[in-house]
1. Identify the single condition in (1) part of a loop (DSSP other than H, G, I, E, B); (2) out of contact with any helix residue (DSSP H, G or I) (no Cβ under 8 Å at 6 or more places or on another chain) that B:ALA228 does not satisfy, given that it satisfies every other one.
2. Is there a residue in the stretch B:90-111 that is of a type in the set (S, T, N, Q), surrounded by 19 or more Cβ atoms within 10 Å (Cβ to Cβ), modelled with pLDDT of 85 or more and over 17 Å from B:THR76 (Cβ atoms)?
3. Which residue pairs have Cβ atoms under 8 Å apart, sit 6 or more places apart or on different chains, and have a first residue in the stretch B:264-283 that is more than 13 Å from B:ARG210 (Cα to Cα) and of a type in the set (Val, Ile, Thr) and a second that is in a helix (DSSP H, G or I) and open to solvent by less than 50 Å² (accessible area, probe 1.4 Å)?
4. Please specify each residue of the stretch A:48-57 satisfying the condition of being crowded, with 16+ Cβ neighbours inside 10 Å and either over 30 Å from A:GLU96 (Cβ atoms) or out of contact with any Leu (no Cβ under 7 Å at 6 or more places or on another chain) (or both).
5. Only one of B:TYR209, B:TYR213 is open to solvent by 10 Å² or more (accessible area, probe 1.4 Å) and among the hydroxyl-bearing types (Ser, Thr, Tyr); which?
6. If you check B:ALA125 against the conditions, is it outside any helix (DSSP H, G or I) and not hydroxyl-bearing (Ser, Thr, Tyr)?
7. State all residues of the stretch B:45-81 that are aromatic (Phe, Trp, Tyr) and farther than 21 Å from B:PHE229 by Cα; if no residue qualifies, say none.
Amino acid sequence: PCLQVHSLQELRRSASLATKVFVQRDYSEGTMCQFQTKFPPELESRIERQLFEETVKTLNSFYAEAEKIGGSSYLEGCLACATAYFIFLCMETHYEKVLKKISKYIQEQNEKIYAPRGLLLTDPLERGMRVIEISIYEDRCSSGSSSSGSSSSSSGGGGLGGR
Amino acid sequence: MTPGGGSGPMKDCEYSQISTHSSSSPMESPHKKKKSAPKRKWEVFPGRNKFFCNGRIMMARQTGVFYLTLVLILVTSGLFFAFDCPYLSEKITPAIPAIGGILFFFVMGTLLRTSFSDPGVLPRATPDEAADLERQIDIANGSSSGGYRPPPRTKEVIINGQTVKLKYCFTCKIFRPPRASHCSLCDNCVERFDHHCPWVGNCVGKRNYRFFYMFILSLSFLTVFIFAFVITHVILRSQQTGFLNALKDSPARYPFAERISVVCFFSVWSIVGLSGFHTYLISSNQTTNEDIKGSWSNKRGKENYNPYSYGNIFTNCCAALCGPLSPSLIDRRGFIQPDTPQLAGPSNGITMYGATQSQSNMCDQDQCIQSTKFVLQAAATPLLQSEPSITSEELPLPGKTTISGPCATLSLGQPTPPSSMPNLTSDSGLTDMIPLKEEHEGHQFLTPEEAPSPPGMLPSGSPITHSHTMHVLSLASQDSLHEDSVRGLVKLSSV
């Protein structure tokens, strides 16, 4: 099988979705958002175990930071309470800030590590924080696809719309 | 692994989840197949909620009692400010209307926050996720031979040393996280579900519990405040003119004093009582749901201690009230991405057998009355039949019923791969069909600790008919009275 580097948009066009793997939540520490670090067998041939585990562990640490109950979260909570929670209309909460960081991290991981291997991580926020969805793509392998990929990437820079 | 090109155009595009931006560039508009106005996600939200202000406001379906709450608070406070405050601010201090004003502002703010925000609704599983879960359940159950009934769909996890059972929700097709529960009135799974409060017209869950608590707390202060100062007003007047004269002048001089007092008197006891109850719940980090069911015992060292409690009251309170506020998971105002498959419409038929077990904790007597009404109505309508004409309000799509025929012959343990599904509607249709595969499971939707369904509801006939009926019911639109009555029956049966 020929391995090609796909950009995130090209991945969809030149490869077909083979299957999806779901990494479930780990509830052993309560209702805090943590994901299982168990390596799914379907990814055995696609990615190194250590890379995957590191991604999940980093995500877990991000979520732990978002949900941390400490000095700053108390401050934010008390301030919000004092203003009858009207402050939420203008201010972004700590959690939301961390979520933005997470989404950037996932995008970066996708670009650097997962897309080149024909995989795609979905932000758990889009799946109700229940699972990390990993889409596995099969390459439609031929030399033609790489040229069509690059030519369509230059013309269709605006995305996949209008197809 | 060769590093390749193609990373250029990627850099200037926003990362969106492998799908088109819904508002595409103008040059592509003549070729667009979809309708001119892209739909927002709240318009196709599968639960029974009402949305206002283009998705910014979210409430339960029955909001009548909420308007009553609003009216009571506004009218009582308004009368207080209009008729008692002028006198009191002269006689005693102008701080009284000031403090009253602040309290009133706080009450209204927290009430609106509680009513309008997302309580922590869990979005339903995407078809792929649901299929994957089904597959895992099949693997876990193994192949079932005739006579052996597979165990009901639960998963056990150990949280802080305590074994907690996670139940599978048939409507949302997920394993509910711990402390989540499915609200049958709103037809949603809600995280850290406390109760459904008709007075605020919404569920109370993880995201709006602190608003709810601050609302009832501030409302208790407000009612006590108003009550106290109305009495003070009457007393002061009576000192001037004599008590009987004061009462006589009452309608003319300071009207509504008695009425305000009466409203306040009754509110005080109930609201203060409720605040006290919730203070207790917060300090022991329990939900109303758990407390009513008696899930955790209070004594330390016993078998079923509360695994979520932090051990001391102060931390529990701080965590509940000042902890971080998680964001809404349902993205009401987002646009529907055309490539991403959405769950087709409201599908709430399969909640019948056991997914609604946690609704025994209605916070109001109205719910009991409603349920009784539903039972009476349900008794008048025949429930389970195999023809599709059950749903009187709306006919199911004819295409769907024909699918059920061939699907009934699906062999056990054969999951349909998500990539082979032809189109959107078939997706949810086929995943709804998957329960058909496990013939025994058709009778096993209730977990053992729940009350068995009322006799006569489960047909002893073929499970295919049963599942077919359920599938047909799953196509019913949300407004069906029949659905409400079924829901009500299940609620009653599980109480």
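1. (1)
2. Step one: of the stretch B:90-111, the residues of a type in the set (S, T, N, Q) are B:93, B:110.
In the following step, the residues that additionally are surrounded by 19 or more Cβ atoms within 10 Å (Cβ to Cβ) were identified as B:110.
Subset that is modelled with pLDDT of 85 or more: B:110.
Now narrow it down to the ones that are over 17 Å from B:THR76 (Cβ atoms): none.
The answer is no, given that none of the residues of the stretch B:90-111 is of a type in the set (S, T, N, Q), surrounded by 19 or more Cβ atoms within 10 Å (Cβ to Cβ), modelled with pLDDT of 85 or more and over 17 Å from B:THR76 (Cβ atoms).
3. Correct list of pairs: B:VAL268/B:SER220; B:VAL268/B:THR223; B:ILE271/B:ILE216; B:ILE271/B:LEU219; B:ILE271/B:SER220; B:ILE271/B:THR223; B:VAL272/B:SER220; B:VAL272/B:THR223.
4. Of everything in the stretch A:48-57, those that are crowded, with 16+ Cβ neighbours inside 10 Å and either over 30 Å from A:GLU96 (Cβ atoms) or out of contact with any Leu (no Cβ under 7 Å at 6 or more places or on another chain) (or both) turn out to be A:THR55, A:VAL56.
5. Numbers: B:TYR209 fails: open to solvent by 10 Å² or more (accessible area, probe 1.4 Å).
Only one candidate passes the filter, namely B:TYR213.
6. Details: outside any helix (DSSP H, G or I): yes; not hydroxyl-bearing (Ser, Thr, Tyr): yes.
Criteria met by B:ALA125.
7. Keep residues of the stretch B:45-81 that are aromatic (Phe, Trp, Tyr), which gives B:45, B:51-52, B:66-67, B:80-81.
The answer is B:PHE45, B:PHE51, B:PHE52, B:PHE66, B:TYR67.
Yes/no matrix, rows are residues, columns are (1) in a loop (DSSP other than H, G, I, E, B); (2) more than 12 Å from every other protein chain (Cβ to nearest Cβ); (3) exposed (fewer than 14 other Cβ atoms within 10 Å of the Cβ):
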{"position": "A:VAL23", "(1), (2), (3)": "no, no, no"}
{"position": "A:PHE39", "(1), (2), (3)": "yes, yes, no"}
{"position": "A:SER45", "(1), (2), (3)": "yes, yes, yes"}
{"position": "A:LEU59", "(1), (2), (3)": "no, yes, no"}
{"position": "A:ALA64", "(1), (2), (3)": "no, no, no"}
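The values are calculated or read from the model by the stated rules, or taken from the named source; none is laboratory data. What you are looking at is a predicted structure, and each value in this text was computed from that prediction instead of being measured. Cβ coordinates were reconstructed from backbone atoms using ideal geometry, including for glycine residues, and neighbour counts include every protein chain displayed. Heads up: the accessible areas ignore ligands, DNA and RNA and are worked out on the full protein's heavy atoms, side chains in. Shrake-Rupley method; radii C 1.70, N 1.55, O 1.52, S 1.80 Å.
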